[in-house]
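Engineer: One structure coming up, written as structure tokens, with questions to follow.
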Amino acid sequence: MIMSRSSHISPAKKSKKQVEIFGPRRFSQRTGKQEFGAGKKEYLICKDCQAAYYDKSWHESLADYKHLKENPPRRIDKKKINFVLCPACQMIKNNQYEGIIFVYNTPEKIKKELMNLVENMGKTARSIDPLDRVFKIKETKNIIEIWTTENQLAKKIANKIKSTFPNQLGDEKIKFNYEESDVIRVEIGKPQK
């Protein structure tokens, strides 16, 4: 008879706690509905960035909407157009972030190129999804802070920075620290003491 590691414990004595401790560790993923609520039935336009919400997602603008030319401007498909702040603009207004990157001790000769790389990645991400944004780049003496509205964007930017400047930022690995539910803190380089 072949016995597994836990076969000597009868099924009745196995507690839920034992299964949780030795079982695979899984992190729950939040769906769009859990994060933003159910899909809205009206059309929304952001007051700040003019992003448009239709077909259950946010888009760069309403100009691409195919039914716009066929219907009257104030009511499209008998739905109202409301002006609100999009989730990204709301996060920026509340000074909230899902990703923050700290780049320590950046050499002067690559600082401008690094800033351009981050700004271009932010523009590209925003053109794909208007809720993905780099909304603050703060530079102090030895630290560059990059704030993003999406944690996955922060990861992509950090990996791109490290792959673009492998020798200039030190040999340390990127440190990913998960703080609250969706917030990620990324550190590149070594802070001065």
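Engineer: How long is the gain from Asn82 to Gln50 if the chain were fully straight, where each residue apart is worth 0.36 nm and the alpha carbon distance is subtracted?
Structural biologist: Details: separation 32, 0.36 × 32 = 11.52 nm, distance 1.15 nm.
Contour length minus Cα-Cα distance gives 10.4 nm.
Engineer: Another question, if that's okay. Using 7 Å Cα-to-Cβ label points, what is the Asn95/Glu119 separation (nm, one decimal)?
Structural biologist: 2.4 nm
Engineer: A follow-up question, please. Using DSSP to call loops (not H, G, I, E or B), can you name the trypsin sites (Lys or Arg not before Pro) in the range 85-141 whose Cβ has at most 14 other Cβ atoms within 10 angstrom? Before the final figure, lay out the partial values.
Structural biologist: Working: sites: Lys93, Lys109, Lys111, Lys112, Lys123, Arg126, Arg133, Lys136, Lys138, Lys141; in loops: Arg133, Lys141.
Here the sparse-neighbourhood loop sites are Lys141.
Engineer: A further question on this structure: Given a Förster distance of 45 Å, report the FRET efficiency between Glu42 and Ser163 from their Cβ-Cβ distance, rounded to the nearest 0.05. Mind showing how you got there, number by number?
Structural biologist: Details: r = 43 Å, r/R0 = 0.95.
The value I calculate is 0.60.
Engineer: In square angstrom, rounded to the nearest 10, how much accessible surface does Thr140 have for a 1.4 Å probe?
Structural biologist: 70 Å²
Engineer: Provide the FRET efficiency to the nearest 0.05 for the Thr140-Val183 pair, computing r from the beta carbons and using R0 = 25 Å.
Structural biologist: Details: r = 21 Å, r/R0 = 0.84.
Working from the Cβ atoms, E equals 0.75.
The values are calculated or read from the model by the stated rules, or taken from the named source; none is laboratory data. Computed from a prediction, not measured in an experiment: that's the story for all the values here. When we count neighbours, we look across all protein chains shown, and the Cβ atoms used for this are built from the backbone with ideal geometry, even at glycine. Surface accessibility is based on the protein's heavy atoms, side chains included, excluding ligands, DNA and RNA. Shrake-Rupley method; radii C 1.70, N 1.55, O 1.52, S 1.80 Å.
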